[in-house]
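Here's the structure, in structure tokens; my notes come after.
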Amino acid sequence: MSSKDTQLEKQITLPKTSESEKLKKIRHTTSHIMAMAVQKLFPKAQVTIGPWTETGFYYDFDLHEPLSEKDLKTIKKEMIKIINQKLPLVREEVTREQAAERIKSINEPYKLEILDSIQEPITIYHLGEKWWDLCAGPHLENTAEIDPKAIELESVAGAYWRGDSQRAQLQRIYGTAWENEQQLLEYQRRKEEAIRRDHRKIGKDLGLFVFSDIVGPGLPLWTPKGTILRFLLEDFLKREQIKRGYLPVTTPHIARVDLFKASGHWQKYKEDMFPLMSDDPESALREDGFVLKPMNCPFHIQIYKSELRSYRELPMRLAEFGTVYRYEQSGELGGLTRVRGFTVDDSHLFVSPEQLDDEFLKVVDLILSVFKALGLANFKARLSFRQAGSDKYIGSDEIWEKAENAIRKAVKAMDMEYFEAPGEAAFYGPKLDFIFQDALEREWQLGTVQVDYNLPERFDLEYITSEGSRERPVMIHRAPFGSLERLIGILIEEYVGDFPFWLAPIQVRLLPVNEEHLQYAQKIADSMQSQGIRVEVDSSGERLPKKIRNAELQKIPVMAIVGSKEIESESLSIRTRMEGDLGLLKSEEVLLRMKQAVENYSAAI
């Protein structure tokens, strides 16, 4: 991905539904127009629900025949006819009894069930004289306000009524609607770009990871190339952590439920945990059994608590790449960005109250240096605080105020742009989250720092002060990557698979022109490999243009051609994906440039 591509994609910003009340009304109204068109073309069709979404709308129908792409074109033509009739949308309030009577008169039983779940007043919206639906709005006043060139029907999918697989199977039509044609075209361009960048496809094409139905959904299997990528990211952060005084630890994948009851996780997230086993084989799901760990912090707390600590040991920075497990619903899973087993670059710092501000700033500095090395520059800081009056959180008001003030003080000291988000805090403490915006302007949470006074209190953590008294430490929870799986998914899409040289699973491919050049190419490869360069030789016997093409398809950063003139001059003809043809370079110079690129986390040699 070139910087030019990135700049181009940032020139146009699509309005978000949350920012445009008119866009919400357009989409809601268009969904009704679509439903009206479907029932006109398919008189036996029964209408269920049809909400607006962040990019458009959908409606679920009970039809006696499957819809095709050709049907979508026909439906859209009918929608345009309805729009051009300039029909008003008229709101009417009725009693529950009146609504039920009208629904029975048109024989639409799904509407009766919807009516049961609606609180009074009951509102009906009429589109023209004959078509109507139960709806609370909002809508436009007239179909003339919709630009027919700014709508599109996108796809048909199956859906169960009320999401229950035991109930009727419906057909869901997805559509999109915008304020004008230019916005629709930009949305479609961006959608195509999202397909081009899709980490699931690129990951498969580059052979980085696979999913297996027999293993289970949301559980990626990492190939050798993908594992190299994971290793490189882990090694990069481990090196940075060692420089900053972090101590590596390793903890088990399972623990007693009692551990998570003590931390409060069991009470708050029991439904998201994987029950595993019990000491009693006949009671595998008993609450006194074992579960797969959903987070690492209670384990690190036990390491801290294993002996009485002195103030001289603080700050204690325990770090682990710990794999955790969360029972995400199958419908929420998505490639690497939402999985059931994922690795967190977790660290927990145990600090004295006096050390908190300084340590927090050091953690933020580490996260910013990580983002810089990965080329992730487009992010903002979110102060995730508790929602006043909510029972979601544990701990006293005093503790929460201290923790939130500590985070505010830190971001102001670093002169960072930030915004506050009430209700986004962890149940045990507030967070500073780094929200990254990718090339398609989608937002992802990556790094996070959390200040926690609550868990030290719940686990009765202490240290001996210089005066000999016992005091409670403060915890800082910290993860620059967040989820390693999500980070890799984001990086694949951000780079479109063109990883920077230092991060590429295979950095160099040597391309011998003929069979007679293969031995020398292997000799060069052995030399590079001994210096830590990840290299492979194309010994396929294909012609050189095909070898170059194959290397480009695999997005190898550097291709080194080996022919007679290269052997005679002890050189390599270098072609790179980022800088093009570099010409004939001495083998020693190439190796030196590669080593420097790795040391400096450079994108190119």
Cβ-Cβ distance below 7 Å, separation of 6 or more or different chains: which pairs start in the range 463-480 with a residue that is more than 14 Å from residue 308 (Cα to Cα) and end on one that is open to solvent by 10 Å² or more (accessible area, probe 1.4 Å) and hydrophobic (A, V, I, L, M, F, W, C)? 479/344
Criterion (among the charged types (D, E, K, R) and touching a helix residue (DSSP H, G or I) at 6+ places or on another chain (Cβ under 8 Å)) met by exactly one of 120, 108, 65, 93: 120
For residue 86, state whether it is open to solvent by 20 Å² or more (accessible area, probe 1.4 Å) and more than 24 Å from residue 163 (Cβ to Cβ). yes
Take residue 459 and decide whether it is out of contact with any Gly (no Cβ under 9 Å at 6 or more places or on another chain), among the aromatic types (Phe, Trp, Tyr), in contact (Cβ under 8 Å) with a residue 60 or more places away in the chain and farther than 18 Å from residue 375 by Cα. yes
Got a number for residues in the range 99-119 being under 37 Å from the mean Cα position of the chain (by Cα) and part of a helix (DSSP H, G or I)? 6
Taking residue 24 as the residue in question, decide whether it is open to solvent by 40 Å² or more (accessible area, probe 1.4 Å), among the charged types (D, E, K, R) and touching a residue at least 60 places away in the same chain (Cβ under 8 Å). yes
Sole miss for residue 343 among (1) in contact (Cβ under 8 Å) with a residue 12 or more places away in the chain; (2) out of contact with any Asp or Glu (no Cβ under 8 Å at 6 or more places or on another chain) is condition (2)
Any residue that is in contact (Cβ under 8 Å) with a residue 40 or more places away in the chain and more than 35 Å from the chain's Cα centre (by Cα) - is there at least one of those in the range 537-552? no
Would you point out the residue of the range 445-456, among those that are over 27 Å from residue 497 (Cβ atoms) and either free of Cβ contacts under 8 Å to residues at least 12 places away in the same chain or not charged (D, E, K, R) (or both), that is surrounded by the fewest Cβ atoms within 10 Å (Cβ to Cβ)? 456
Take residue 159 and decide whether it is in a strand (DSSP E or B) and either touching a Lys or Arg at 6+ places or on another chain (Cβ under 6 Å) or open to solvent by 50 Å² or more (accessible area, probe 1.4 Å) (or both). yes
In the range 56-76, which residues are under 27 Å from residue 124 (Cβ atoms) and either part of a helix (DSSP H, G or I) or in contact with a strand residue (DSSP E or B) (Cβ under 9 Å, 6 or more places away or on another chain) (or both)? 56, 57, 58, 59, 60, 61, 62, 63, 67, 75, 76
Hey, does the range 501-510 have a residue that's in contact (Cβ under 8 Å) with a residue 12 or more places away in the chain, of a type in the set (A, V, I, L, M, F, W, C), out of contact with any Asp or Glu (no Cβ under 6 Å at 6 or more places or on another chain) and farther than 22 Å from residue 226 by Cα? no
Residue among 356, 349, 368, 336 that is surrounded by 15 or more Cβ atoms within 10 Å (Cβ to Cβ), without any contact (Cβ under 8 Å) to a residue 24 or more places away in the chain and out of contact with any Ser or Thr (no Cβ under 7 Å at 6 or more places or on another chain): 368
I'm trying to understand the selection: among the residues of the range 417-440, which are more than 20 Å from residue 347 (Cα to Cα) and touching a helix residue (DSSP H, G or I) at 6+ places or on another chain (Cβ under 8 Å)? 418, 436, 438, 439, 440
Going through 486, 534, 470 one at a time, which residue ends up being within 30 Å of residue 353 (Cα to Cα) and basic (Lys, Arg)? 470
Checking the structure you have, find out if any residue of the range 132-155 is at pLDDT below 90 and among the charged types (D, E, K, R). no
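The values are calculated or read from the model by the stated rules, or taken from the named source; none is laboratory data. Keep in mind that this is a model prediction, so the values were computed, not measured. Cβ atoms come from the backbone with ideal geometry, glycine included; neighbour counts cover every protein chain shown. The area values use the complete protein model at the heavy-atom level, side chains included, leaving out ligands, DNA and RNA. Shrake-Rupley method; radii C 1.70, N 1.55, O 1.52, S 1.80 Å.
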